[in-house]
Amino acid sequence: MTILTNEQKAIFDSNGYLLVDNAVTDDQLAALRTQFVGWVEESRDHLEAYGETVDGRARFDLEPGHSADMPALRRVNAPTDISDDYYQVMRNSRMTDCVAELIGPNIKYHHSKVNSKLPGAATVVKWHQDFPFTPHSNDDLITALLMLDDVTEDNGPLQVVPGSHKGEIYDLWHDGVFTGAVDDRVTKNCLANAVTCTGRAGSLCLMHTRLLHGSAPNLSQQPRTLLITVYSAEDAVPCSPNPVPNRHQGEIVRGVASGHIRSTPFDIPMPQMPKSASFFDQQAKA
Ligand SMILES: O=C(O)CCC(=O)C(=O)O
């Protein structure tokens with residue numbers, strides 16, 4: 001049985017993202033939420049980032065101002081390494097099925113993290129594309145953002161630029177420094193073309209790896225917690241180390257290991273190379 005309709009697949013192809021309701025069961029959602037509450041409780045015992053991922057980096061990251069009384073856990077790296085509930089949802093949920101229907105049949109796990117924006121959290125995610133963080137031999141990669149809380153216009157929702165996955169890959173280096181964000185001119189264009197992704201807890205935003213996206217601070221009284229999971233087609237081979245190394249990277253979660261490598265030539269702009277007409281320039285001309 002398929003989950004996505006042909007119309008939904010066409011929307012993903014043309015917009016570069018797709019919102020899907022009820023991407024996990026109620027039990028799965030409850031288990032993910034309960035586990036996260038447990039991690040927040042645990043964070044009360046710490047004053048700085050703690051825990052260890054497979055490469056020795058901190059697993060739990062804290063917002064400035066975090067305290068035992070006002071815990072502000074903002075990131076859990078590789079939750080699938082330490083929670084069977086998170087691992088099972090990554091491997092075996094409607095979310096996994098949706099990804100397989102879009103870039104399958106053979107799908108590989110890359111990494112995951114939980115991003116939390118507590119009420120009043122200043123955390124901003126600047127506009128960027130994911131592909132430069134996880135370059136592969138082809139761009140059949142999906143970032144699946146599962147809402148663990150209701151996401152509204154006010155609690156720091158994800159924002160995307162529809163169709164931008166068909167444009168260029170923007171430089172994240174400025175004046176010789178890697179900023180992780182596109183430049184001010186592109187940011188301005190993103191804000192002018194942004195669409196906000198809201199939904200009930202359990203909803204999923206499936207995002208193409210080249211899609212321009214960002215998110216604003218949480219100015220509301222409601223938390224905003226996202227489980228972010230990156231999957232690739234099995235024949236997409238990583239060209240750089242995993243930014244969130246984990247025990248399960250490379251596991252085939254749907255289909256089979258064909259061992260094939262498929263590559264696509266990319267025009268990833270280098271700082272010294274002239275840039276081609278941007279997505280926005282092309283939009284203006286259309
Ligand atoms: O937490 C968010 O709102 C988005 C996170 C994101 O874009 C990322 O981690 O690449």
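Just so you know, all these numbers are worked out from the coordinates, no wet-lab data involved. Every value quoted in this text rests on a predicted model; they were computed, and no experiment measured them. When we count neighbours, we look across all protein chains shown, and the Cβ atoms used for this are built from the backbone with ideal geometry, even at glycine.
The gain in end-to-end length when the Asn22 to Ser220 segment is fully stretched comes to 68.9 nm, 0.36 nm per residue minus the alpha carbon separation.
Among 17-24, 28-35, 50-57, the peptide with the highest mean count of other Cβ atoms within 10 Å heads the list, and the full ranking is 17-24, 28-35, 50-57. Summing charges over neighbours of Ser112, with a neighbour being any other residue whose Cβ is under 14 Å away from its Cβ, gives +1 when K and R count +1 and D and E count -1. Taking 0.36 nm per residue of separation and subtracting the Cα-Cα distance, full extension of the segment from Glu48 to Thr152 would add 34.5 nm.
In the range 6-285, Cα pairs under 8 Å separated by at least six residues give a relative contact order of 29 percent.
Enumerate by residue number the trypsin sites (Lys or Arg not before Pro) in the range 195-244 meeting two conditions: DSSP loop (anything except H, G, I, E, B), and at most 13 other Cβ atoms within 10 Å of the site's Cβ. Qualifying residues, ordered by number: Arg200. A convex hull fitted to the Cα coordinates of the range 6-285 yields 136 cubic angstrom per residue.
Shape class for the range 138-275: oblate, because the ratio a/c of the largest to smallest gyration tensor axis (alpha-carbon atoms, square roots of eigenvalues) is 1.5 or more and b/c is at least a/b. For the range 6-285, a simple Cβ point-charge model (Lys and Arg +1, Asp and Glu -1, everything else neutral) yields a dipole of about 440 debye relative to the Cα centre. Of the peptides 242-251, 95-104, the order by per-residue mean of other Cβ atoms within 10 Å, starting with the highest, comes out as 95-104, 242-251. For the range 16-71, the square roots of the Cα gyration tensor eigenvalues, ordered a ≥ b ≥ c, give a/c of at least 1.5 with a/b greater than b/c, which places it in the prolate category.
Taking the helices alone, the chain has a mean residue ellipticity at 222 nm of -6500 deg cm²/dmol, built from -39,500 (n - 2.57) per DSSP H run of at least 4 residues and averaged over all its residues. When the square roots of the Cα gyration tensor eigenvalues are ordered a ≥ b ≥ c, the ratio a/c for the range 197-269 is 1.5 or more and a/b exceeds b/c, which makes its shape prolate. When the listed pairs Lys126/Lys166; Lys9/Lys108; Lys117/Lys166; Lys108/Lys166; Lys117/Lys188 are checked against a 25 Å cut-off, the alpha-carbon distance exceeds it for Lys117/Lys166.
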